Amino acid sequence: MDAKERIRQLMAELNWSEYRLAIESGLSQSTVANIFNRNTTPSVVTLESICKGLGITLAQFFAEGDMVELTPEQQEMFRAWSTLSKEQKEVLRQLILVMKAK
């Protein structure tokens, strides 16, 4: 699977548009559009931004079948996480760290 196809697959799983991917990744809409419309191969830096926006690592992006399957509960949490703003994600992350320390 090539990078463009993998990005499309992940976007479909999250029901994201190119616009949503651009917003979450901090990339311009033209950068994202070029990946799909001009058959541009994204650079490593661009892929890192996309992965960060998707909430995954580069290793997870390139993994084929070796990733651990998420439980339905984990999938629900991931989908909810994906809808949060950066500020909300940070608040939730801090809450989890506090809860984990107890």
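Within region 23-36, the set of residues being among the hydrophobic types (A, V, I, L, M, F, W, C) and either more than 20 Å from residue 56 (Cα to Cα) or surrounded by fewer than 16 Cβ atoms within 10 Å (Cβ to Cβ) (or both) comprises 23, 33, 36.
For region 4-22, a residue qualifies if it is exposed (fewer than 14 other Cβ atoms within 10 Å of the Cβ) and either in contact with a helix residue (DSSP H, G or I) (Cβ under 8 Å, 6 or more places away or on another chain) or over 21 Å from residue 75 (Cβ atoms) (or both), and the qualifying residues are 5, 17, 19. Residue 39 passes every criterion in (1) in contact with a helix residue (DSSP H, G or I) (Cβ under 9 Å, 6 or more places away or on another chain); (2) surrounded by 12 or more Cβ atoms within 10 Å (Cβ to Cβ); (3) at pLDDT below 90; (4) within 15 Å of residue 7 (Cβ to Cβ) apart from (2). Out of the residues in region 76-91 that are under 20 Å from residue 14 (Cα atoms) and among the hydrophobic types (A, V, I, L, M, F, W, C), which is modelled with the lowest pLDDT? My answer is 78. Among the conditions (1) surrounded by 12 or more Cβ atoms within 10 Å (Cβ to Cβ); (2) modelled with pLDDT under 90, residue 51 misses just one, which is (2). Of all residues in region 29-42, those that are in contact (Cβ under 8 Å) with a residue 12 or more places away in the chain have Cβ atoms under 6 Å from Cβ atoms of residues that are of a type in the set (Val, Ile, Thr) and part of a helix (DSSP H, G or I), 6 or more apart or on another chain, in 42/35.
The helices (runs of 4 or more DSSP H) located wholly in region 23-102 that include 1 or more residues which are of a type in the set (Lys, Arg) occupy 44-54, 72-82, 86-101.
The values are calculated or read from the model by the stated rules, or taken from the named source; none is laboratory data. Here the structure is a predicted model, which means the values were calculated and not measured. Note that we place each Cβ from the backbone using ideal geometry, even for glycine, and neighbour counts take in every protein chain shown.
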